[in-house]
Amino acid sequence: MESVMQTTPRAKGEAISKDPDEWTTGDEPMTPSQASYLKTLCEQAGDDRGYAEDLSKAEASKRIDALRTELKL
């Protein structure tokens with residue numbers, strides 16, 4: 001008998017994500033894409049302290065999420 005997996009519909013753009021602190025690559029330096037997006041969000045939020053060149057992938061992700069929430073994006 002063939003089994004069929006049922007999935008719950010998600011809103012457009014909604015992704016299944018893991019806590020950044022649990023990422024196996026979370027301690028690696030943030031990606032160029034993260035750096036660019038974080039800079040843009042910091043500028044939009046008027047936050048000149050939210051960006052740092054030495055952020056990890058996990059820390060950058062958490063800051064991006066916080067700024068997106070603050071900016072209601």
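The values are calculated or read from the model by the stated rules, or taken from the named source; none is laboratory data. Please read these numbers as outputs of a predicted model, since none were measured by experiment. Cβ: placed from backbone, ideal geometry, glycine included. Neighbour counts: every protein chain shown.
Do we have residue 8 as β-branched (Val, Ile, Thr) and modelled with pLDDT under 95 here? So residue 8 passes the test. Output the number of residues of region 46-67 satisfying the condition of being exposed (fewer than 12 other Cβ atoms within 10 Å of the Cβ) and either in a helix (DSSP H, G or I) or not acidic (Asp, Glu) (or both). Within region 46-67, residues that are exposed (fewer than 12 other Cβ atoms within 10 Å of the Cβ) and either in a helix (DSSP H, G or I) or not acidic (Asp, Glu) (or both) number 2.
Of all residues in region 13-45, which are within 17 Å of residue 68 (Cβ to Cβ), loosely packed, with under 10 Cβ neighbours inside 10 Å and at pLDDT 95 or above? Matches in region 13-45: 33 only.
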